[in-house]
Each structure stands twice: as structure tokens, then as C-alpha cells.
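The values are calculated or read from the model by the stated rules, or taken from the named source; none is laboratory data. Because the structure is a prediction, the values reported are computed rather than measured. A quick note on method: Cβ atoms are made from the backbone with ideal geometry, for glycine too, and the neighbour counts reach across all protein chains shown. Side chains are part of the model used for accessible areas, which takes the heavy atoms of the whole protein and leaves out ligands, DNA and RNA. Shrake-Rupley method; radii C 1.70, N 1.55, O 1.52, S 1.80 Å.
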Amino acid sequence: MTASVADRQLAHALSVQQALSMNRLDGKIALITGGARGQGAAEAELFVEAGAQVVITDVLDDEGAATAESLGDACTFFHHDVASEEDWNTVVQAAVVEHGRIDVLVNNAGIFAMGDLSDTPMDLWHKMVAINQTGVFLGMRTVAPVMKENGLGSIINISSIAGMKSAAGAHAYSATKWAVRGMTKSAAVELAPSGVRVNSVHPGIIETEMLNQFGPGMKERMQDRIPLARTASAHEVGQLVQFLASDDSSYCTGQEFVIDGAMTS
């Protein structure tokens, strides 16, 4: 597939999705972690365009504030370390005070680092687990009572295709993304009677800052393994997240949604 064909496919997909998403999230209150840049910022932009009030959080204060400002009055920013129980309590309380409830939680914050099984130091392991796994657990645990009280809600946990298949050379990262997949299913069954849905999203190779951490030439080598012959934009992943946040996905819970251009097929 030539680059021009792939570009045309992407442009068409985004234009169709933009038309479908109009007013999809009218009146909803959403909390998106890791929203300062990249995929989180794309999700926030799409949520605002669809009518939501959005709270984005991050440890990147300057970038987070700038992103919120660029999205206007419908978006606010809070400093937030997702590995901190205290920060979660503070952010959720602030969102409820400001908006009265939380309808959608997107556990988007995450980090990536390469490391073979034998070469992964304990400090990297603990950091990866704290942010990618414990952060998701704390988010669900803190937000669930708010959603249960309202009798509805949608939690979207961002995992990875590394949570669907082996990811040699990224042992700690893979372990946390499999954990997110398992926690999603457990929480979905537990929270379903309260009207709260929980799903996981498993992106493949996405054009964000994280892609640069694979090293020189890796993007091209990985792209050759994608049947759709291109990487995905952050907005494409955001459109899937927007769908899961909306009432259009009202019967979807406890599921993995893979968005990888057939890379794992």
C-alpha cells in the first residue's frame, strides 16, 4: 500500500468519525489522566468537540495547563500523580465539587521503557507498576463509588497490544498492560449491577511521543509488520475511546477493544 493510499484512508476515516461524533457526549463529565499531550490530549479534544466537560490531569503542569487553555472553558487541568492515592482523592473530589459527578474515567496515563527480563532493574519495575498498573487500580477504586451513586458510568482503561500478545524486550511494560486487561474484566463484572461499564483499549503503534522511545529505525521496522501499512494517529484511538465513553456503547463492558491495523491478527 502506498503512502498516499494510507493517507487517504486515514483522512476519510477521520472525516467520517468527526461527523458521527457530533454531540455524542453532550452533558457528560469526563476525567482523563495523562491528558497534557499525546493520546490523552487528543482524547480531551475529541471529548470537548462532542459536548463533554473534561478534566485532564498530568504531572506535566505547563503542558497540561496549555492543553486545557487551548480547549477553552469546557476543559480544566489538575496536577496529578496517578500513583498517589492522595492525589486521586484530591482530583476526584475537585471534579465532583466543580461538576457534581463523573460520568467517564479514562485511565490513559502510562509510561514505556524497553527492558529484557534479565535486564530490568527493580527501580524500573516498581515505577512501571506504580504508574501503569497501580494508577489504573486507584483510578477505578476512587471513581467507582461516585459512579455507583449515580447509577451509571463508563471507565476506559488504556492498555496496549502488549497486553494481548508477547512483547519481548519490554517485560515490565508488558506485565502491567496484561494486568490492566485483567483488572478491567474483574471490575466490569463487579460494577455491572451498578450500571458502570469498564472496558480496555489496546492500541498498536500510535504516533505519540512514546513512539520515540523505541529507538532509531524501530518505527519503520514495526510499520512493516502492520497489514494496514501505517501507524495510527492519536485521534483514531481517541475516536474509539469516545465511542466507549458514549451511550452508543451502552451494552459493551468487560471487553478488549484492539486498534492496531490488524497487527495482532
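For the reader, a short list of remarks on this structure follows.
- Net charge over other residues, Cβ less than 9 angstrom from the Cβ of residue 256 (K, R count +1; D, E count -1): +2
- Charge context of residue 26, other residues only, Cβ under 12 angstrom, K/R +1, D/E -1: -1
- Exposure of residue 137 as accessible area (Å², to 10), given a probe of 1.4 Å and all protein chains: 90 Å²
- Förster radius 22 Å - calculated FRET efficiency between residue 247 and residue 74 (Cβ-Cβ, nearest 0.05): 0.70
- Mean separation of Cα contacts under 8 Å, 6 or more apart, over the residue count of the chain: relative contact order %: 19 percent
- Per-residue accessible area (protein heavy atoms, 1.4 Å probe) orders 186, 174 as 186, 174, starting from the largest.
- Cα radius of gyration and Dmax for the stretch 117-265 (Å): 16.2, 49
- The convex hull of the Cα atoms of the chain, projected and averaged over all directions, covers 13.6 nm².
- Annotation: amide H of residue 154 within the under-5 Å range of 104, 105, 197, sequence separation 5 or more or interchain, hydrogens built in the peptide plane.
- Largest accessible area first, the residues 43, 207 order themselves as 207, 43 under a 1.4 Å probe with ligands, DNA and RNA left out.
- Residue separation of residue 192 and residue 26 scaled by 0.36 nm, minus their Cα-Cα distance, works out to 57.5 nm of gained length.
- Accessible surface, 1.4 Å probe, highest first, among residues 118, 194: 118, 194
- Per residue, the accessible area of the stretch 53-92 comes to 49 Å² when a 1.4 Å probe rolls over the protein heavy atoms.
- Once exposed loop trypsin sites (Lys or Arg not before Pro) are cut out (DSSP; at most 15 other Cβ, 10 Å), longest piece of the chain: 1-100
- Average Cα contact separation per residue, the stretch 48-158, under 8 Å, 6 or more apart, as relative contact order %: 27 percent
- Neighbours of residue 187, meaning other residues whose beta-carbon lies under 12 angstrom from its beta-carbon, give a summed charge of +4 when Lys and Arg score +1 and Asp and Glu score -1.
- Each residue, residue 224 and residue 168, gets one label point 7 Å from its Cα in the Cβ direction; the gap between the two is 1.6 nm.
- Multiplying the residue separation of residue 113 and residue 185 by 0.36 nm and removing their Cα-Cα distance gives an extension gain of 23.4 nm.
- Taking 97, 241, 189 in turn, the Gaussian network model of the chain (Cα-Cα springs below 10 Å) assigns the largest fluctuation to 97.
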